[in-house]
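Step one of this worksheet: look at the structure below.
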Amino acid sequence: MKRNSSFSSSFDITHNIHSITSPYYYSWQKYFGKVFIYWLGTESFLYIVDPGFLKIMSSKVLAKKWGKPSVFRKDREPMVGNGLVMAEGTAWVHHRHVIAPTFTPLNLKTMASMMVYSTRKMIKRWDTQINSGNLEIDVENEIVATAGEIIAKASFGMGGENGKLVFNQLRTLQMILFKTNEYVGVPFEKLFNLKKTLEAKKIGEEELLDECKTFFFGGYETTSLSITWTLLLLALHQDWKNQLRDEIKQVIGNVEELDINLLANLKKMKWVMSEALRLYPPSPNVQRQTMEDIQVNNLKVPKGTNIWIDVVAMHHDVTIWGINANKFKLERFMNDVNGKSNNKMGYLPFGFGGRACVGRNLTFMEYKIVLTLLLSKFNFKISPSYHYSPTIMLSLRPNHGLPLIVRPF
Ligand code: HEM
């Protein structure tokens, strides 16, 4: 396995990840402050990690008046087409209106049984592996596959082999497209990537509907990463793992007959999730493009400006979270959904305003189901083969997976 400079053993985990995941932004910020302009090839971006600035700016713009950077729209077209993530103006209003009802509590409950089913299938696989004497499981891989199966069923109504096929094709598409990002803003970028673009478009155009793909890409990876990072944090904090187990026992009781209605009462689990999303936000940045001039204090942000909001930087900023910004401290989220930050725009795991994530309730449910079933069944600790290397590849992920030593509880 190739080593890089961001490697470290599990004993060095500090959660202070900004300089590891985004060394350029980290050092530019030191010179240029919390709001500055930088260039990606021919495209300029306004970089923001100042929640006060963002608050004033967003208060002046209606959701339908924000665009998504057109430079990314072209790039990601094969992935999500004109689905909700990239739609703009009245088209966005229409899409959002059509899609939002998918996530009503009633609809979510019907999805719950397939979440339980897929998670139990994963647990069976783990049982078989553990019984064969191999206790090391790459839980990232496993949870991505399970979340992929769930979202493929939810998005395309496909399970079993067909679901797996669609999942594998879409993952390939995502990997192909990610490689093209290095050329964003470089003139004639399409010439560099013609083969990749065509390869990706073939799958994109012929086989899949934009909105289904949007769900798929929006849903499987972010959710599975939030669970994966949580398992790392719980492996490091046995005390909280035990507290969550006690809570599950008290609130849910018999997990063999999991009553979905009780999940909402898992308060500590919600704190854990909120803190995990703060330290390791699966969507590490949020982008916008201004569709008209916006005045922020004495600064005019001209129409067409690309905006890059560095969520990782904000979530680790001591001026927003205090000196313990890089510590796992659930107390922040007791009685405060914004984690006692000094500005609620400093906590953006699901984005902000009218364009905030439409699927977050689905995530809450899946997160609670998967964790409830896993914690009730297994004990785990970090494998000696684990190397801590958080990396941004579209999402914030563990670069070399998350191998854990798993034993029946
Ligand atoms: C931990 C899980 C998730 C995280 C961290 C996450 C994060 C985000 C973020 C940061 C945005 C951009 C918001 C903005 O621009 O202000 C977003 C938008 C979106 N997400 Fe999620 N998401 C998650 C789960 C899901 C799921 C499960 C689905 C669907 C099944 C989904 C579908 C979408 C869609 C369709 C949008 C575009 C909304 C719009 O532009 O109106 N997300 N999400």
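The values are calculated or read from the model by the stated rules, or taken from the named source; none is laboratory data. Note that the coordinates shown come from a computational prediction; the quantities given were computed from them, not determined experimentally. Positions of Cβ are backbone-derived with ideal geometry, glycine not excepted, and every protein chain shown enters the neighbour counts.
The set of residues in the stretch 15-39 being under 25 Å from P302 (Cβ atoms) and not hydroxyl-bearing (S, T, Y) consists of W28, Q29, F32, G33, K34, V35, F36, I37, W39. How about the stretch 53-66: which of its residues are assigned to a helix (DSSP H, G or I) and surrounded by fewer than 17 Cβ atoms within 10 Å (Cβ to Cβ)? The answer is K55, I56, S59, A63, K65.
Taken as a whole, the condition of being of a type outside the set (D, E), out of contact with any strand residue (DSSP E or B) (no Cβ under 7 Å at 6 or more places or on another chain) and surrounded by 14 or more Cβ atoms within 10 Å (Cβ to Cβ) does not apply to I309. Identify the residue in the stretch 28-42 that is modelled with pLDDT of 95 or more and touching a Phe, Trp or Tyr at 6+ places or on another chain (Cβ under 6 Å) and, among all such residues, is surrounded by the fewest Cβ atoms within 10 Å (Cβ to Cβ). Checking each candidate, the answer is F36. Total residues in the stretch 90-145 satisfying the condition of being more than 16 Å from the ligand (Cβ to nearest atom) and not in a helix (DSSP H, G or I): the figure is 7.
Whether a residue is within 30 Å of D259 (Cβ to Cβ), modelled with pLDDT of 95 or more and either within 12 Å of the ligand (Cβ to nearest atom) or buried (at least 21 other Cβ atoms within 10 Å of the Cβ) (or both) was assessed, and K377 does not pass this test. Residues in the stretch 250-271 that are touching a residue at least 12 places away in the same chain (Cβ under 8 Å) and either within 19 Å of E221 (Cα to Cα) or of a type in the set (D, E, K, R) (or both): K267, K268, K270.
State whether one or more residues within the stretch 288-304 are within 21 Å of A87 (Cβ to Cβ), surrounded by 22 or more Cβ atoms within 10 Å (Cβ to Cβ) and at pLDDT 90 or above. Full working, then the answer.
Going residue by residue through the stretch 288-304, those that are within 21 Å of A87 (Cβ to Cβ) are 288-292, 294, 303-304.
So of that shortlist, the ones also surrounded by 22 or more Cβ atoms within 10 Å (Cβ to Cβ) come out as 288.
If we keep only those that are at pLDDT 90 or above as well, we get 288.
Yes, there is a match, as at least one residue in the stretch 288-304 is within 21 Å of A87 (Cβ to Cβ), surrounded by 22 or more Cβ atoms within 10 Å (Cβ to Cβ) and at pLDDT 90 or above.
When Q289 is tested against (1) more than 10 Å from the ligand (Cβ to nearest atom); (2) over 30 Å from S70 (Cα atoms); (3) of a type outside the set (A, V, I, L, M); (4) touching a strand residue (DSSP E or B) at 6+ places or on another chain (Cβ under 8 Å), only condition (2) is not met.
Yes/no per residue for (1) surrounded by fewer than 19 Cβ atoms within 10 Å (Cβ to Cβ); (2) under 16 Å from the mean Cα position of the chain (by Cα); (3) not in a loop (DSSP other than H, G, I, E, B); (4) not aliphatic (A, V, I, L, M):
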residue: F364; (1), (2), (3), (4): no, yes, yes, yes
residue: K381; (1), (2), (3), (4): yes, no, yes, yes
residue: S385; (1), (2), (3), (4): yes, no, no, yes
residue: L396; (1), (2), (3), (4): no, yes, yes, no
residue: R407; (1), (2), (3), (4): yes, no, yes, yes
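Pairs only if they're at least six apart or on different chains, beta carbon under 6 angstrom, first in the stretch 12-34 and assigned to a helix (DSSP H, G or I), second among the aliphatic types (A, V, I, L, M); list them, first residue then second. That search, which allows pairs on different chains as well, returns H18/V312; H18/A313; T21/V312; T21/I392.
Are any residues in the stretch 58-78 hydroxyl-bearing (S, T, Y) and either touching a strand residue (DSSP E or B) at 6+ places or on another chain (Cβ under 7 Å) or modelled with pLDDT under 70 (or both), and if so, which ones? If you could, list the steps in order and put the result at the bottom.
Initial filter on the stretch 58-78 (hydroxyl-bearing (S, T, Y)): 58-59, 70.
Within the stretch 58-78, S70 is the sole residue that qualifies.
Of all residue pairs spaced 6 or more apart or on separate chains, those with beta-carbon atoms under 6 Å, a first member in the stretch 126-152 that is surrounded by fewer than 22 Cβ atoms within 10 Å (Cβ to Cβ) and a second member that is not in a helix (DSSP H, G or I) and not β-branched (V, I, T) are E136/S383; E136/P403; D138/G401; D138/P403; N141/G401. When the helices (runs of 4 or more DSSP H) confined to the stretch 247-361 are screened for residues that are more than 19 Å from the chain's Cα centre (by Cα), those reaching at least 2 such residues are found at 267-279, 318-321.
Taken as a whole, the condition of being more than 16 Å from the ligand (Cβ to nearest atom), buried (at least 17 other Cβ atoms within 10 Å of the Cβ) and either of a type in the set (A, V, I, L, M, F, W, C) or closer than 27 Å to M114 by Cα (or both) does not apply to K249.
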